Amino acid sequence: MTELQDTAGAPAGMAVAIMGLMRTGSTLVTDMLSQRGRSLILSEPNILGMWSPNTVERIHQLALNNGLDPGAELPSPERWPRYQNYFETVLLPQLARLPLWGVKYVDLIDWRETFERYPPRRLILTVRDLRDVVISAIDRIGHLRLAFYGRRHMRDEAWVLANIAYNVHELMALRQRPHLLARYEDVVVDEGLRQRIVEYAGLESAAGTRENLAAGGFSRQWELNKHGGAVSTRSVGRYASEPPGPVKALAERAWRLLPEYSEAFGFEMPPPESWIRGHAFQRRPGDEANPIDYPKSESALWAGPTEIEPSFQLRHARLALAGRLPEGAVAIDFACGTPALSVMLPKGRRHIPVDMAPRGQGYRVAPLHEGKFPKVPGGTLLLALHVLEFLDADLPRLLRRLRLYDLPVIATYHAADDTEGIDRVALGWVNHLSRKALVAACRQAGFSVKARWRADGPQSFLHLEPVSLGEAQAPGPPPSAQAD
């Protein structure tokens, strides 16, 4: 364990900065170091960023809860041209009254500028097995229904991958500085480590309250409920309990895409033969610049890397479908991961998210890989968007189960003859049907097939209508004649 040089005389300095990926226990460490009237760590204060009413309200409430006096009224952009103006004029003098203050960030875009303006005396890095980070991030979106700026689109799997990849690159730069490492898996089981963190920051004991979670209000209540307001191991090993499917495949893909993270922080390494190489999100040899344009990653319309990337293919499919469902449609969205489609549909349409594991209110849980499908009364159609490739090597069996609903199905698929030269296994896909085989499987399952082949690069859209058994067994025209 090494420490930063003491810069106690710096006029705008702070005692500690906690930096890490999202879902790595950073808020837990932040609250351990936030003691009312003595110390306060601001969780995601976004000092140098854009105005955010939610952030402003939360930080204001956090200051009040700690006994500070930021004033009765919330700051507004009309009075303060930049949030930083308000922070330095109003909040910073209040924080200076405390023996210890600091910040916590999991979006690391401005860390260099933040450290230059408010140099920390101590640095804590929070990390966690990257596979658990991905799955926990998906769960958080489901619970909190997180959205992009403007709230026209919910956060999605593509954002999770891009955000984690961006911040891994920044974390690899941060680790070159003296720091204390707080691995989530160790923090929750090792009381001695928790005490070392407290002493490293300059305190004698950990706080007994959850200041930042409490200031988050209802949006963080699910986490308080999960852990009983205390430190628990209930989130350790999240990947190990995740059923096979698109979310688990995304976790594995991020793990194989960024092996330097696991190596640097002492986690299980993916086998070298499974590493994903030559990807736009990877660090370029000899180039320390972050390869991801962070502002673009914050747009729900960003197309992402030039390579085929499953999470971005799912985003494309949702964007293409959102405005095309008929009025009155009740869409049962199988293995959907995040409920992103629910805020994209026009009024008069309803979205029912179904996934392999519980991810929030409104979800139906169905371990499809075990052949267990939910009963969803009132559904008018089924969605299988970027799902079929992941769920079952025996895709015809899955299609036969879908036929039991006696509802039309809108699905996407990347046919094997449209993905020549692409490593399908590396993408997490477990079946590899040609167009002809896919159409045959759909017909044998009891569907008629209309296909728009390669409607989005190699991604095709299928409209499956249930038909009688006799019709299902009819040979029909070849797949090329089915395209519309």
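Lys/Arg Cβ at +1, Asp/Glu Cβ at -1, dipole of the chain taken about the Cα centre: which of Y105, Q282, P178 is farthest positive-ward? It is Y105, whose Cα lies furthest towards the positive end. Note: segment 293-337, Cα convex hull, 93 Å³ per residue.
Computed over protein heavy atoms with a 1.4 angstrom probe, the accessible surface ordering of E420, E211, largest first, is E420, E211. Within the full protein context, the accessible area of S26 is estimated at about 0 Å² for a probe radius of 1.4 Å. Projected onto its three principal axes, the C-alpha set of segment 150-194 covers 45, 26, 17 Å, listed from the longest axis down.
Comparing S434, S241, P346 along the charge dipole axis of the chain, the residue lying farthest to the positive side is P346, per the Cβ-charge model.
Thinking of segment 310-361 as a set of Cα atoms, what percent of all their pairs are more than 17 Å apart? Within segment 310-361, distances greater than 17 Å cover 33 percent of Cα pairs. For segment 293-401, a simple Cβ point-charge model (Lys and Arg +1, Asp and Glu -1, everything else neutral) yields a dipole of about 560 debye relative to the Cα centre.
Legend: Rg and Dmax of the chain, from Cα coordinates, 24.5, 84 Å. When Rg and Dmax are taken over the Cα atoms of segment 51-133, they come to 14.6, 44 Å. At q = 0.09, 0.10, 0.17 Å⁻¹, what log₁₀ I(q)/I(0) does segment 308-455 have when each alpha carbon counts as one equal point scatterer in the Debye sum? Cα-only, vacuum Debye calculation for segment 308-455: -0.26, -0.33, -1.02.
The three principal axes of the Cα atoms in segment 73-208 give end-to-end lengths of 45, 40, 31 Å, sorted in falling order. Protein heavy-atom surface of segment 2-150, 1.4 angstrom probe: 48% of the accessible area is carbon and sulfur, with nucleic acids and ligands not counted.
In the full protein context, the chain carries 42 Å² of accessible surface per residue, based on a 1.4 Å probe and ignoring ligands, DNA and RNA. Pairs exceeding a 26 Å alpha-carbon distance, out of K347/K436; K347/K375; K347/K372: K347/K436; K347/K372.
Volume per residue of the convex hull around the Cα atoms, evaluated for segment 115-176, comes out as 127 Å³. By the Kirkwood approach, averaging reciprocal distances over each pair of separate Cα atoms, segment 1-160 gets a hydrodynamic radius of 16.8 Å.
Of the accessible area of segment 210-368, computed with a 1.4 Å probe over protein heavy atoms only, carbon and sulfur atoms account for 54 percent. Proximity of backbone amide H atoms, modeled 1.01 Å from N, is registered between R122 and V16, A17 at under 5 Å, excluding neighbours fewer than 5 places apart on the same chain.
The values are calculated or read from the model by the stated rules, or taken from the named source; none is laboratory data. Keep in mind the model is a prediction, meaning the values are calculated, not measured. Cβ sites come from the backbone with ideal geometry, for glycine too, and all protein chains shown count toward neighbours. When the accessible area is computed, the model is the full protein with side chains, heavy atoms only, and any ligands, DNA or RNA have been set aside. Shrake-Rupley method; radii C 1.70, N 1.55, O 1.52, S 1.80 Å.
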